[in-house]
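For reference, the structure discussed in these notes is given below.
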Amino acid sequence: MEQDREKCGHCSAPLSGRADKRYCSDQCRAAAGNLRKHLDPAQQLMGRLNRVLGHNRQVLCQLSPQGKAILRREVLLMAGFDFRYFTHLHHTPTGNLYHFCYDYGYLLLPEERILIVNGHHWLDKAA
Ligand SMILES: [Zn+2]
């Protein structure tokens, strides 16, 4: 699997500093080493995806402290958000498609903007 060089190989946090750095901290380096030793490849993949999804949710949460916010797409990218991964989709009756990471969702708006929403009422409606 191709290693994403700008993100921690364990928790996907954005990396700063030396270009050859693969982990954000010694803790993550050690944790990644332990995982490699004890898990089979499928478990490793699931763990990695779960961490990416958790990080995505954390980014959405931090960028919309009021539960709703409109931001430029690049703000999410700079925080290490990975648009490839989400937990589920929600179509609204008006034809909008929200991507969710657990209880936080986003809608792509024109001009590279993102609307972030939060709340279980969105999930209830999705049924
Ligand atoms: Zn890390």
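The values are calculated or read from the model by the stated rules, or taken from the named source; none is laboratory data. Note that the coordinates shown come from a computational prediction; the quantities given were computed from them, not determined experimentally. Every residue, glycine among them, receives a Cβ derived from its backbone with ideal geometry; neighbour counts consider all protein chains shown. SASA here: full protein model, heavy atoms, side chains in, ligands and nucleic acids out. Shrake-Rupley method; radii C 1.70, N 1.55, O 1.52, S 1.80 Å.
Could you give the angle, 0 to 90 degrees to the nearest 10, between helix 41-63's Cα long axis and the longest principal axis of the Cα atoms of the chain?
Computed tilt is about 50 degrees.
Mind checking the dipole of region 65-126: about its Cα centre, +1 per Lys or Arg Cβ, -1 per Asp or Glu Cβ, Debye to the nearest 20?
The calculated dipole for region 65-126 is roughly 60 debye.
Tell me the mean residue ellipticity at 222 nm calculated for the chain from its helices only (DSSP H runs of n ≥ 4, each -39500 (n - 2.57), averaged over every residue, nearest 500).
-12000 deg cm²/dmol
I'd like the FRET efficiency for ARG22 and HIS90, computed as 1/(1 + (r/R0)^6) with the beta carbon distance as r and R0 of 35 Å, rounded to 0.05.
0.50
For labels at GLU6 and TYR102 in the simple 7 Å Cα→Cβ model, what's the distance in nm?
Here the answer is 2.5 nm between the modelled labels.
For region 28-127, what are Rg and Dmax over the alpha carbons, in angstrom?
Both quantities, over Cα of region 28-127: 15.4, 49 Å.
Of ASN34, MET78, CYS101, which is farthest along the charge dipole of the chain in the positive direction, counting Lys and Arg as +1 and Asp and Glu as -1 at C-beta?
Farthest along the dipole direction, towards plus: ASN34.
Over the chain, with the other protein chains present, what is the accessible area per residue in square angstrom, probe 1.4 angstrom?
Solvent-accessible surface per residue comes out at 65 Å².
About the Cα centre of the chain, what is the dipole size in debye to 20, counting +1 per Lys and Arg Cβ and -1 per Asp and Glu Cβ, all else neutral?
280
Considering only C-alpha atoms, what is the centroid distance from region 34-49 to region 65-114, in Å?
28
Taking 0.36 nm per residue of separation and subtracting the Cα-Cα distance, what length does fully extending ARG113 through ASP40 add?
22.4 nm
Given an 8 Å cut-off on Cα distances and at least 6 residues of separation, report the relative contact order of the chain as a percent.
Once normalised by length, the contact order is 20 percent.
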